[in-house]
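The values are calculated or read from the model by the stated rules, or taken from the named source; none is laboratory data. Just so you know, these numbers come straight off a predicted model, no measurement behind them. Here the Cβ positions follow ideal geometry from the backbone for every residue, glycine too, while neighbour counts run over all protein chains shown.
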Amino acid sequence: MKCAECKDKECRQGKDCTNIKEEAQSKYTGEVLKSMKTAASIESRYYMEKNRLEELIIYAKEMNYSHLGLAFCIGLEKEAEVLSGILSKHFTITSVCCKVCGIEKSEFDLERLHNDNRTESTCNPIGQAMVLNQAETQLNVVLGLCMGHDIQFTQNSKAPVTTLVVKDRVLVHNTIAAIYSNYYLKTKFDYP
């Protein structure tokens, strides 16, 4: 499949370019189907009206979630505090910082940001997932976890995961700007 290169996108009109349609359709049952219906209703009712945070609140309410987890980067602690405050008006929130457990980078022989003798704790996405799993959250929200750490967190979370913010220190967490910027396209990615 090379859907990104397809100019026609005839799938919008119902064309099936795969041999997985029936198998895929059979998986939309129970909570998965409920999630799809909820997502479709949000798109239909609020198209171009609600931002991602508003949609998150609507989605979680319509899914009857009462307990959300927030896995955040310490670099976004202020944002995490605000987000937790907003979400706690609607849900029980359990939040966990990326440095949970305070594991020193030397424990895993990890590269250090600073070349001095100060303690440098590593991010602990598996620990974050463990904390939220123990709290029995129903939906976990990622707020700015590092590349790779977000993957480890998602793989270890028992609850479904949505990402509200992706970490991008250079582009102020607006990752898509690299694709919209001719400068980045030409000088950084040699595209097209």
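Tabulated data for the structure shown
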{"item": "Elements of type helices (runs of 4 or more DSSP H) in region 123-192, at least 1 residues being under 18 Å from the mean Cα position of the chain (by Cα), over 29 Å from Glu5 (Cβ atoms) and at pLDDT 95 or above", "result": "125-135, 149-156"}
{"item": "Whichever residue in region 71-90 is small (Gly, Ala, Ser) and closer than 19 Å to Asp168 by Cα and, among such residues, is surrounded by the fewest Cβ atoms within 10 Å (Cβ to Cβ)", "result": "Gly75"}
{"item": "Residue that is farthest from Thr137 (Cα to Cα) [pool: residues in region 91-115 that are hydroxyl-bearing (Ser, Thr, Tyr) and surrounded by 15 or more Cβ atoms within 10 Å (Cβ to Cβ)]", "result": "Ser95"}
{"item": "Residue within region 29-48 that is surrounded by 13 or more Cβ atoms within 10 Å (Cβ to Cβ), part of a loop (DSSP other than H, G, I, E, B) and more than 16 Å from the chain's Cα centre (by Cα) present", "result": "no"}
{"item": "Of residues in region 116-140 being of a type in the set (Ser, Thr, Tyr) and crowded, with 17+ Cβ neighbours inside 10 Å, the one nearest to Arg52 (Cα to Cα)", "result": "Thr137"}
{"item": "Inter-residue pairs, beta-carbon under 7 Å, first touching a residue at least 12 places away in the same chain (Cβ under 8 Å) and in region 127-148, second charged (D, E, K, R) and surrounded by 24 or more Cβ atoms within 10 Å (Cβ to Cβ), 6+ apart", "result": "none"}
{"item": "Test: residue in region 68-83 that is more than 18 Å from the chain's Cα centre (by Cα) and either outside any helix (DSSP H, G or I) or aliphatic (A, V, I, L, M) (or both)", "result": "no"}
{"item": "Residue check for Ile20: out of contact with any Ser or Thr (no Cβ under 9 Å at 6 or more places or on another chain), closer than 22 Å to His173 by Cβ and among the β-branched types (Val, Ile, Thr)", "result": "no"}
{"item": "Test: residue in region 48-71 that is closer than 30 Å to Asn117 by Cβ and either at pLDDT 95 or above or among the aliphatic types (A, V, I, L, M) (or both)", "result": "yes"}
{"item": "Test: residue in region 53-66 that is under 24 Å from Leu143 (Cα atoms), outside any helix (DSSP H, G or I), small (Gly, Ala, Ser) and without any contact (Cβ under 8 Å) to a residue 24 or more places away in the chain", "result": "no"}
{"item": "Options Lys158, Lys105, Lys186: the member that is touching a helix residue (DSSP H, G or I) at 6+ places or on another chain (Cβ under 9 Å) and among the charged types (D, E, K, R)", "result": "Lys158"}
{"item": "Residues within region 141-162 that are out of contact with any Ser or Thr (no Cβ under 7 Å at 6 or more places or on another chain), surrounded by fewer than 20 Cβ atoms within 10 Å (Cβ to Cβ) and among the small types (Gly, Ala, Ser), tallied", "result": "1"}
{"item": "Any chance Cys101 is assigned to a loop (DSSP other than H, G, I, E, B), more than 28 Å from Met63 (Cα to Cα), in contact with a Gly (Cβ under 6 Å, 6 or more places away or on another chain) and touching a residue at least 24 places away in the same chain (Cβ under 8 Å)", "result": "yes"}
